[in-house]
1. Looking only at region 130-146, which residues are buried (at least 20 other Cβ atoms within 10 Å of the Cβ) and farther than 18 Å from HIS12 by Cβ?
2. Only one residue in LYS303, LYS298 is over 17 Å from SER352 (Cα atoms) and either in contact with a strand residue (DSSP E or B) (Cβ under 9 Å, 6 or more places away or on another chain) or aromatic (Phe, Trp, Tyr) (or both), so which one is that?
3. Can you tell me which condition TYR96 does not meet? The list is (1) surrounded by 15 or more Cβ atoms within 10 Å (Cβ to Cβ); (2) in contact (Cβ under 8 Å) with a residue 40 or more places away in the chain; (3) of a type in the set (Ser, Thr, Tyr), and all the others hold.
4. For region 238-252, state whether one or more residues are out of contact with any Cys (no Cβ under 6 Å at 6 or more places or on another chain), acidic (Asp, Glu) and surrounded by fewer than 16 Cβ atoms within 10 Å (Cβ to Cβ).
5. Only one of VAL198, VAL156 is β-branched (Val, Ile, Thr), out of contact with any strand residue (DSSP E or B) (no Cβ under 6 Å at 6 or more places or on another chain), modelled with pLDDT of 95 or more and surrounded by 15 or more Cβ atoms within 10 Å (Cβ to Cβ). Can you tell me which?
6. Test LYS218 against the stated conditions and say whether it is in contact (Cβ under 8 Å) with a residue 60 or more places away in the chain, more than 16 Å from THR4 (Cα to Cα) and of a type in the set (Lys, Arg).
7. Can you tell me which residue among GLN175, GLN161, GLN193 is under 21 Å from LYS378 (Cα atoms) and in contact (Cβ under 8 Å) with a residue 60 or more places away in the chain?
8. Of (1) under 21 Å from the mean Cα position of the chain (by Cα); (2) at negative phi, GLY58 satisfies all except one. Which?
Amino acid sequence: MIRTAEHVSNGHPDKFCDQVADHILDSVLRLTKDPNEKKAVRTAIECLAKDNLLIVSGEIKTSAAVSAQINIEELAREVWRKVGYSDHGVLTVIDYVKPQSLDIGAGSGLHNGSSFTGTDNFGAGDQGIMIGYATDETEDMLPLEYVVARDFCKKVKELRQQGKLPYLKSDCKTQVTLDFTNNRVTSIIIAVQHSEEVGTDQIKRDMIQYALLPVLDKYQLSTSAAIQDIAKVNGTGTFVIGGTIGDAGVVGRKIVIDAYGPRVPVGGGAYSGKDFTKVDRSAAYMARHIAKHIVAHKIQGAKACTVNLAYGIGQKQSEMVTAVTDSGQDLSKYVLEKFKDLSPEFIIDFLSLSNPQSLLDESGWNYFKTASFGHYGKPYLPWERVN
């Protein structure tokens, strides 16, 4: 019953890359006005960042008119400024994005009685096993240790943006260990990037008062010892050099943080930068929606549920569907009866995945907003809405 989870802020270098990739996807979809053309958009964006250099590679498929309007360099710089990297200077961007492979888009065939098709006809964009999870132990229907680590990070971001602690910079990592036998926190690790003029003792006092204690109070958690003793703040002493200057960033390197934390197995690959025909993304969102539906409606008394969906490249329906509750109840048959169609095309329409509503600071949902602080637990996301 000892569980640990970690989280990182939107200013972490890996998250910077994820946000760039998803900002590109949002922008292509927003520039594509016709609903049918939106569903034909394909992206698979990869980013590598170090210091002031960002390499953007991968594939995009869209109309020539939309392609002519996409300025990847400026989109990346918008995110650079958004996450607070402007004090690192100007970002240099190498754009090496190419068209999508024709084999992926137009492939078709028949094998052993099963029909296969390319993503142009909404066959699965790749193989994979996607895992969805929900639990009633938190309002977000996410594991408690995960949401506490996440909310520590979110609180640091709020303090920085509000100017309450002017020395804070954009990079941050947290980790929390909970003993579920007595609902106590046994360890907190937090690393916050800061300016040079502030000392470690002050940072620790501020983090305990303004970031850690408010979150512990929110979840009514006690500590196994005095919080000053279990909280480790900036373990190497200082954390002045952060972001892409302190470490390289790559898309998809935080997939456990993106999902549910280490309590839940990782099935498919990374989410960010991928369009909705990639079942790594769309089927993972659908699996979460199904799991959340089961727990929200207490199907067979479920307090938690794990859903698995498996696909092969080009397949129009899931190869495997399983749903198991915390008590071991098998709800696979219920899922197949309730959600009869689990094709990528149905999922895209059912969850409105081709129609993000906003860019960056606008209201509404978008893929950019999934690229930091997790892909689940945000009530405005379509896959989080359960009737």
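The values are calculated or read from the model by the stated rules, or taken from the named source; none is laboratory data. Remember, predicted model here, so these are calculated numbers, not experimental data. Backbone-built Cβ (ideal geometry, glycine too); neighbour counts: all protein chains shown.
1. Selection gives MET130, ILE131, GLY132, TYR133, ALA134, THR135, ASP140, MET141, LEU142, PRO143, LEU144, GLU145.
2. Of LYS303, LYS298, the one residue that is over 17 Å from SER352 (Cα atoms) and either in contact with a strand residue (DSSP E or B) (Cβ under 9 Å, 6 or more places away or on another chain) or aromatic (Phe, Trp, Tyr) (or both) is LYS303.
3. (1)
4. yes
5. Of VAL198, VAL156, the one residue that is β-branched (Val, Ile, Thr), out of contact with any strand residue (DSSP E or B) (no Cβ under 6 Å at 6 or more places or on another chain), modelled with pLDDT of 95 or more and surrounded by 15 or more Cβ atoms within 10 Å (Cβ to Cβ) is VAL198.
6. yes
7. GLN175
8. The failed condition is (2).
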